[in-house]
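**Q** A single structure is presented below for examination.
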Amino acid sequence: MPAVLLSLGYLFLFLLLIRKLRFFAAEGLSVPMLSVLFLLKVLGGLALWWVYTYHYRDRSTADLYKYFDDSAVMFSALPDRPMDYARMLFGIGNDSPYFTERYYIHMNNWFRQYEGNLYNDSHTLIRLNALLRLFSAGHMHVHTVMAAFMSFTGLFTLWKAFVPWFGGRERLLAFLLFLPPSVSSRSVFCCGRCSIRYSTASMQKEF
């Protein structure tokens, strides 16, 4: 019950933000339509939770669970060793045998099977979930609602960046962006990436 109440609380908070913040004011998309699009993202996350909870039950390989579970290891440092938590969260002096033996060895996804030169976004996703645990009390559905809002915000930012080139077809662009399901926790990066694209498009429009 606490998980449900907390999840509903954040859900209503985000719906209120969509209604009140000027950022979400959009010509061609009403507040009720934006709210529905956000709720569809939440429902998609819940459907993914059902699939990986009751059908594919290997939590160590499911994007939905593996970063969430690994973040519990990082978050466990907070009560007794808050500086360890802070250093892992911000990546400050945390690449040492001490952290490996005490924390990372107990995670399934901190180290990749084949390390290379490509950026390891597993670290970022684990840290993000460890940060969200400050507000979620460790409830998965709260993370689902928060990730849905971040994904929604990123997609809306992308919509704002490209809508000037879709005059009169604002809703079509919205459907193309929002309706395809986000089936990976990596979708939360859409927020940051799309913000960069929006800024770039805005500057190009000005100049």
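The values are calculated or read from the model by the stated rules, or taken from the named source; none is laboratory data. From a predicted model like this one, the values you see are computed outputs, not experimental measurements. Don't worry about glycine lacking a Cβ; one is built from the backbone with ideal geometry, like all the others, and counts go over all protein chains shown.
**Q** Based on this model, can you work out whether Ser60 counts as surrounded by fewer than 15 Cβ atoms within 10 Å (Cβ to Cβ) and touching a helix residue (DSSP H, G or I) at 6+ places or on another chain (Cβ under 7 Å)?
**A** So Ser60 passes the test.
**Q** If you don't mind, there's one more thing I want to ask. Please go through (1) under 26 Å from Arg127 (Cβ atoms); (2) among the hydroxyl-bearing types (Ser, Thr, Tyr); (3) in a helix (DSSP H, G or I) for Tyr56 and return the number of the only condition it doesn't satisfy.
**A** Of everything listed in (1) under 26 Å from Arg127 (Cβ atoms); (2) among the hydroxyl-bearing types (Ser, Thr, Tyr); (3) in a helix (DSSP H, G or I), Tyr56 misses just condition (3).
**Q** Follow-up question, since we're still on this one. For the stretch 26-36, indicate whether the set of residues that are polar (S, T, N, Q) and modelled with pLDDT of 95 or more is non-empty.
**A** Yes, the stretch 26-36 contains at least one residue that is polar (S, T, N, Q) and modelled with pLDDT of 95 or more.
**Q** Looking at the stretch 74-88, is at least one residue out of contact with any Cys (no Cβ under 9 Å at 6 or more places or on another chain), part of a helix (DSSP H, G or I) and modelled with pLDDT under 95?
**A** Looking for residues that are out of contact with any Cys (no Cβ under 9 Å at 6 or more places or on another chain), part of a helix (DSSP H, G or I) and modelled with pLDDT under 95, one finds none in the stretch 74-88, hence no.
**Q** Say we look at the stretch 160-176 and pick out the residues that are among the aromatic types (Phe, Trp, Tyr) and in a helix (DSSP H, G or I); which of these is farthest from the chain's Cα centre (by Cα)?
**A** Trp165
**Q** Just the residues that are in contact with a helix residue (DSSP H, G or I) (Cβ under 6 Å, 6 or more places away or on another chain) and surrounded by 14 or more Cβ atoms within 10 Å (Cβ to Cβ), please, taken from the stretch 14-28.
**A** Phe14, Leu15, Ile18, Phe24, Gly28 - these are the residues of the stretch 14-28 that are in contact with a helix residue (DSSP H, G or I) (Cβ under 6 Å, 6 or more places away or on another chain) and surrounded by 14 or more Cβ atoms within 10 Å (Cβ to Cβ).
**Q** Taking only pairs six or more apart or across chains, which ones have beta-carbon atoms under 8 Å, a first residue in the stretch 44-61 that is of a type in the set (Ser, Thr, Tyr), and a second residue that is in a helix (DSSP H, G or I) and surrounded by fewer than 15 Cβ atoms within 10 Å (Cβ to Cβ)?
**A** Qualifying pairs under 8 Å: none.
**Q** If you go through the stretch 110-120 one residue at a time, do you hit one that is assigned to a helix (DSSP H, G or I) and at negative phi?
**A** No, that holds for no residue.
**Q** Let me ask something else about it. Could you please find all residues in the stretch 133-159 being farther than 18 Å from Gly44 by Cβ, in a helix (DSSP H, G or I) and of a type in the set (A, V, I, L, M, F, W, C)?
**A** Selection gives Leu134, Phe135.
**Q** May I pose another question? Looking at this structure, is Arg87 over 16 Å from the mean Cα position of the chain (by Cα), surrounded by 15 or more Cβ atoms within 10 Å (Cβ to Cβ) and of a type in the set (Lys, Arg)?
**A** yes
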